Amino acid sequence: MYDLIIIGAGPAGLSAALFAARYRLKTLVVSRDVGGLIADAWSVENYPGFKNISGHDLIKKLMEQVEALGVGIKTDDIHGILKKSSSFAVNGNKGYEAKAVILALGTKKRALGVEGEEKFLGKGVSYCAICDAPVFRNKVVGLIGGSNACCTSSLLLANYAKKVYVIYRRDALRGDPLLVERIESNRKIEIVNNANITRINGSRFVESVDLDTGKNLKIDGLFIEIGSDPQVVLAKQLGVGTDRNGYIAVDNGQCTNIAGVFAAGDTTTKSANLKQVVTAVAEGAVAATSAYNYLKKN
């Protein structure tokens with residue numbers, strides 16, 4: 001029996017674990033993988049205390065800090081949570097039980113949903129620039145999206161590819177102005193605004209994409225960076241409330257509508273407008289504090 005089980009080992013979950021340990025709660029972190037989407041970030045420049053750090057290194061430092069306080073981190077794919085009279089049964093490949101739960105479930109990258117996407121996955125189509133950029137050294141690639149994640153990915157790709165097309169459905173990228181300035185000054189990057197991809201073409205590998213402008217772009221690879229969706233299946237199984245966009249509804253204490261269940265990170269309504277590491281770790285700290293107060297009261 002644990003005092004607290006945290007499901008998810010991204011910045012929110014690890015931050016919650018850090019604070020829970022300092023509250024001397026018997027805590028377990030359980031996650032399918034460690035790090036969340038930020039682990040794939042080539043460069044993080046807006047987290048206080050670090051001028052520049054990779055997402056992988058930032059997560060590594062968080063893990064080291066959490067493990068130094070004695071918190072266990074288990075790899076398991078949780079498929080169900082059952083509320084009991086005074087505890088929660090957390091079921092994965094193994095069974096766990098806790099008096100309180102923090103959901104730090106994160107988000108999953110959104111698919112483009114066009115013909116050829118599934119066919120060429122791993123054959124030119126990728127959702128991870130930091131993973132696959134070196135494969136496209138001296139080649140021509142496309143990148144679809146317009147957010148900060150897209151902007152940082154395009155700058156990374158420009159270090160390898162000879163040409164990067166950034167394709168965006170609006171008339172201007174919506175990344176931070178500093179990132180946009182870097183993109184616009186990079187001779188390898190060409191921005192294609194007011195365009196959507198309608199089809200991915202090729203024989204064995206990606207060879208081109210069709211745009212709804214009628215243009216066909218010859219490329220060797222396509223990176224998809226069009227946002228992500230909150231992972232709330234577990235929350236809904238438990239009866240946790242969500243808003244109309246699918247984000248877990250929380251109050252200022254990161255409390256959900258179910259006593260003893262808290263949520264933090266990109267999957268909550270509070271992070272819906274700003275999915276950043278700094279907000280995720282803040283929510284994790286608040287969630288752990290609320291869990292501590294709940295357990296102390298009960």
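Couple of notes before you dig in:
- When Y165, Y160 are screened for being aromatic (F, W, Y) and crowded, with 21+ Cβ neighbours inside 10 Å, only Y165 passes.
- Among residues of segment 185-200, those that are touching a residue at least 60 places away in the same chain (Cβ under 8 Å) and either surrounded by 17 or more Cβ atoms within 10 Å (Cβ to Cβ) or on the phi > 0 side of the Ramachandran plot (or both), counted: 2
- Residue count, segment 118-134 (criterion: more than 13 Å from F205 (Cα to Cα), among the β-branched types (V, I, T) and modelled with pLDDT of 90 or more): 0
- Across segment 38-60, the qualifying residues are those that are hydrophobic (A, V, I, L, M, F, W, C) and at pLDDT 90 or above, and the one among them that is surrounded by the fewest Cβ atoms within 10 Å (Cβ to Cβ) is F50.
- Hits in segment 122-140 (condition: touching a helix residue (DSSP H, G or I) at 6+ places or on another chain (Cβ under 6 Å) and crowded, with 21+ Cβ neighbours inside 10 Å): S126, A129, A133
- Every residue from segment 126-136 that is under 20 Å from S228 (Cβ atoms) and part of a helix (DSSP H, G or I): A129, I130, C131, D132, A133
- Of all residue pairs spaced 6 or more apart or on separate chains, those with beta-carbon atoms under 9 Å, a first member in segment 49-76 that is free of Cβ contacts under 8 Å to residues at least 60 places away in the same chain and a second member that is charged (D, E, K, R) and outside any helix (DSSP H, G or I) are K51/E45; N52/E45; I53/E45; K74/K94; T75/R32; T75/D33; D76/R32; D76/K94.
The values are calculated or read from the model by the stated rules, or taken from the named source; none is laboratory data. None of the values given here were measured: they were computed from a predicted structure. Glycine gets a Cβ as well: all are built from the backbone with ideal geometry, and neighbour counts include every protein chain shown.
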